[in-house]
Amino acid sequence: MKIEVTDISRTFGQQTRAYAEYRIFSSLAAFSNVVRDVTVSLTSGARSRSVVCSVMVGLETNVPVHVTARGRHAYDAINRVADRLGAAVRRSAHVAVPS
């Protein structure tokens, strides 16, 4: 599984980039057999009152999964996306998660 984090360190710093990589990888680890690549981006929302985290997951089935979440700050947005990713991939890939 290849995870690409785009432009996060320029705006939000290396620590935020590392956190995004960690959280997204942890959320998708159970799906490593069907996930090909992942692209993560963070952008400041309107008037810098929020941050938007977008994740695009490329699956072996060629069905892309796109999850976006808004948070009060970068870590909040990353956590919200990470919490939603598993269910979105499960629906699109039709895979069971091992217990």
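Where both residues lie in the chain, what percent of DSSP beta bridges are antiparallel, nearest 5?
Values: 16 of 21 bridges.
Expressed as a percentage, antiparallel bridges in the chain total about 75.
Just how large is the dipole of the chain about the Cα centre, in debye to the nearest 20, putting +1 at every Lys and Arg Cβ and -1 at every Asp and Glu Cβ?
360
If one computes P(r) from the Cα atoms of the chain, what percent of pairs lie at distances over 21 Å? Kindly include the intermediate steps, with their values, before the conclusion.
Details: 1354 of 4851 pairs.
Tail fraction, whole percent: 28.
Trypsin sites (Lys or Arg not before Pro) within the stretch 24-64: which are DSSP loop residues with at most 10 other Cβ atoms inside 10 Å? Could you put the intermediate results ahead of the total?
Numbers: sites: Arg36, Arg47, Arg49; in loops: Arg49.
Answer by residue number: Arg49.
Relative contact order of the stretch 2-93: what whole-number percent is it, with Cα pairs under 8 angstrom and at least 6 residues apart?
Numbers: 160 pairs, mean separation 23.6, N = 92.
Relative CO of the stretch 2-93 lands at 26 percent.
What is the extension gain from Ser32 to Asp83, computed as 0.36 nm multiplied by their sequence separation minus the C-alpha to C-alpha distance, in nm to one decimal? Please list the in-between numbers first.
Numbers: separation 51, 0.36 × 51 = 18.36 nm, distance 1.66 nm.
Stretched fully, the Ser32-Asp83 segment lengthens by 16.7 nm.
By how many degrees, 0 to 90 and rounded to 10, does the Cα axis of helix 74-93 deviate from the longest principal axis of the chain?
The helix 74-93 is inclined about 20 degrees to the chain.
Any read-out appearing in this document is the output of simple, stated calculations on the displayed coordinates, not a laboratory observation. Being a predicted model, the structure only gives us computed values, none of them experimental. Note: ideal-geometry Cβ built from the backbone for every residue, glycine included; neighbour counts use all protein chains shown.
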